[in-house]
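Enquirer: Sharing a structure with you now.
The values are calculated or read from the model by the stated rules, or taken from the named source; none is laboratory data. Remember, predicted model here, so these are calculated numbers, not experimental data. Glycine gets a Cβ as well: all are built from the backbone with ideal geometry, and neighbour counts include every protein chain shown.
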Amino acid sequence: MELDFNSFDESLNDYQEVYESLVVKTLNHLGLEFDPYISVTFVDNEFIHNINREYRKIDRPTDVISFAFLDGDENKDKIFHSKQMVVLGEIYISFDKAREQATAYGHSLDRELKFLFVHGLLHLLGYDHMTEDDEKIMFSLQEEILA
């Protein structure tokens, strides 16, 4: 596995190892067998706001945005069981939003940063929450992985 980890704050560098273990746990939980390459970057609200506006046409900051490189690939299931290196995509996490949400939800920043990463990772793997049924599936997977 390769996790390209980028942070504006050296105190967050420990999350590279945390996120690597969450990738392994997620793939095992889903029964997937491939060697992932993922880029994850901590950003501020201004940066993620610009991404959200440009790519999603939503003019406000958000907590996490993922760019899945296999979106729409009909061979995704085969690829996820290929045991080969697979470039999944990019995850951007707003550290500002994570801090705000941790306070608002009454849990730790650590828990929020883990949750946002798993959420982004599931998007890279093809999960979404556009419908109520899809949301139930994705959010229950997030909780199971983080348990």
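Enquirer: Quick check on residue 59: is it at pLDDT 95 or above, touching a helix residue (DSSP H, G or I) at 6+ places or on another chain (Cβ under 6 Å), acidic (Asp, Glu) and surrounded by 12 or more Cβ atoms within 10 Å (Cβ to Cβ)?
Expert: no
Enquirer: Report, ordered by the first and then the second residue, all pairs with beta carbons closer than 8 Å, sequence separation of six or more or different chains, a first member in the range 38-55 that is touching a residue at least 12 places away in the same chain (Cβ under 8 Å) and farther than 20 Å from residue 3 by Cβ, and a second member that is of a type in the set (S, T, N, Q) and surrounded by fewer than 19 Cβ atoms within 10 Å (Cβ to Cβ).
Expert: 49/62; 52/62
Enquirer: Check 67, 115 and return the single one that is surrounded by 15 or more Cβ atoms within 10 Å (Cβ to Cβ), in contact with a helix residue (DSSP H, G or I) (Cβ under 9 Å, 6 or more places away or on another chain) and under 21 Å from residue 13 (Cβ atoms).
Expert: 115
Enquirer: Under 20 Å from residue 139 (Cα atoms) and either among the aromatic types (Phe, Trp, Tyr) or under 18 Å from the mean Cα position of the chain (by Cα) (or both): is that true of residue 67 in this structure?
Expert: Judged against the criteria, residue 67 is a match.
Enquirer: Over 18 Å from residue 123 (Cβ atoms) and either part of a strand (DSSP E or B) or among the hydrophobic types (A, V, I, L, M, F, W, C) (or both): is that true of residue 23 in this structure?
Expert: In short, no.
Enquirer: Of all residues in the range 8-23, which are surrounded by 12 or more Cβ atoms within 10 Å (Cβ to Cβ) and either aromatic (Phe, Trp, Tyr) or within 15 Å of the chain's Cα centre (by Cα) (or both)?
Expert: Of everything in the range 8-23, those that are surrounded by 12 or more Cβ atoms within 10 Å (Cβ to Cβ) and either aromatic (Phe, Trp, Tyr) or within 15 Å of the chain's Cα centre (by Cα) (or both) turn out to be 15, 16, 18, 19, 20, 22, 23.
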